[in-house]
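Q: Attaching a single structure in structure tokens format; questions to follow.
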Amino acid sequence: MILEEIRSRRAIRRYQSRPVEPEKVEELLEAARLAPSPVDIQPFRALVVDDPEGLGVLRKAAYGWGACLTAPLIFVGSTLKSGSGRPFELPLGEEVAAMNVAVAVDHMTLQAVKLGLGTCWVHVFDREEVRAYFGLPAHMKVVVLLPTGYPAEFPGPRPRLESIRYRAEA
Ligand SMILES: Cc1cc2nc3c(=O)[nH]c(=O)nc-3n(C[C@H](O)[C@H](O)[C@H](O)COP(=O)(O)O)c2cc1C
């Protein structure tokens, strides 16, 4: 039941050094691949970074602190602004691009829970450093880092609002 993964997912900021198995990396990519997108243009792309030099670049780009520091694997979540190769292309606004990445990355974070892995969304980082090192083209917008790995911390469920149902004032 997907609610179980939703309930137990937490932002994990400390990881074991144990590498993530390639089959699990593929399952996470599969979860993102199946995400919906406007008129199915499928603009989401993920770089898979697990080599020491690439991880070092991402840690520095993330200002040397936080979840990127110990993660043995970091996905760079990006969206193509054009050239996705689909027959139907939309001029992707910033908002739609962010939505696309959000839905794909959320699939990944939930599948990660199922696989015994932790993740943490990271939006505070230097996108230009990432673009320069990995040679990403101008039509690709770098949106988020997703450090991933076996957790070295096990926070309990975070209290949330009791209800998010909005009732307009009469
Ligand atoms: C869009 C988004 C951006 C986030 N950016 C960061 C970030 O830059 N650094 C970080 O440590 N956590 C980041 N987080 C994690 C949030 O701080 C975390 O999800 C929130 O405190 C709720 O905690 P939980 O994920 O454990 O339920 C981000 C989460 C989201 C959804």
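Q: Return yes when residue 39 is outside any loop (DSSP other than H, G, I, E, B), in contact (Cβ under 8 Å) with a residue 24 or more places away in the chain, closer than 13 Å to residue 145 by Cβ and open to solvent by 40 Å² or more (accessible area, probe 1.4 Å) and no when it is not.
A: no
Q: OK, next. Checking residue 133 against (1) surrounded by fewer than 17 Cβ atoms within 10 Å (Cβ to Cβ); (2) part of a loop (DSSP other than H, G, I, E, B); (3) of a type in the set (Phe, Trp, Tyr): exactly one of these is not met. Which one?
A: (2)
Q: Filter segment 54-68 for residues that are free of Cβ contacts under 8 Å to residues at least 40 places away in the same chain and touching a helix residue (DSSP H, G or I) at 6+ places or on another chain (Cβ under 9 Å) and give the result.
A: Residues satisfying the conditions are 55, 59, 65.
Q: How many residues are assigned to a loop (DSSP other than H, G, I, E, B), within 17 Å of residue 47 (Cβ to Cβ) and within 12 Å of the ligand (Cβ to nearest atom) if we restrict to segment 60-75?
A: Qualifying residue count for the region: 2.
Q: Let me ask another. For segment 56-65, what are the residues that are within 16 Å of the chain's Cα centre (by Cα) and either open to solvent by 30 Å² or more (accessible area, probe 1.4 Å) or at pLDDT below 95 (or both)?
A: Scanning segment 56-65 gives a single hit, 59.
Q: Determine whether residue 98 is crowded, with 17+ Cβ neighbours inside 10 Å and within 16 Å of the chain's Cα centre (by Cα).
A: no
Q: Same structure, new question: Regarding residue 53, is this residue modelled with pLDDT under 95 and more than 12 Å from the ligand (Cβ to nearest atom)?
A: Considered against the rule, which asks whether it is modelled with pLDDT under 95 and more than 12 Å from the ligand (Cβ to nearest atom), residue 53 comes out as no.
Q: Is it the case that segment 82-96 has a residue that's within 15 Å of the ligand (Cβ to nearest atom), at pLDDT below 95 and farther than 21 Å from residue 54 by Cα?
A: yes
Q: Which condition from (1) assigned to a helix (DSSP H, G or I); (2) touching a Pro at 6+ places or on another chain (Cβ under 8 Å); (3) touching a residue at least 60 places away in the same chain (Cβ under 8 Å) is the one that residue 31 breaks?
A: Looking at each condition in turn, residue 31 falls short on (2).
Q: Where residues in segment 1-30 are within 12 Å of the ligand (Cβ to nearest atom) and of a type in the set (D, E, K, R), which of them is surrounded by the most Cβ atoms within 10 Å (Cβ to Cβ)? If you could, list the steps in order and put the result at the bottom.
A: Here is the first cut: in segment 1-30, the ones within 12 Å of the ligand (Cβ to nearest atom) are 6-14.
Applying the additional criterion that residues be of a type in the set (D, E, K, R) yields 7, 9-10, 13-14.
Numbers: 7: 12, 9: 18, 10: 18, 13: 20, 14: 16.
So, considering only residues that are within 12 Å of the ligand (Cβ to nearest atom) and of a type in the set (D, E, K, R), the one surrounded by the most Cβ atoms within 10 Å (Cβ to Cβ) is 13.
The values are calculated or read from the model by the stated rules, or taken from the named source; none is laboratory data. Remember, predicted model here, so these are calculated numbers, not experimental data. Positions of Cβ are generated from backbone atoms using ideal geometry, with glycine treated the same way; all protein chains shown enter the neighbour counts. Calculation scope for accessible area: heavy atoms of the full protein, side chains included, ligands and nucleic acids excluded. Shrake-Rupley method; radii C 1.70, N 1.55, O 1.52, S 1.80 Å.
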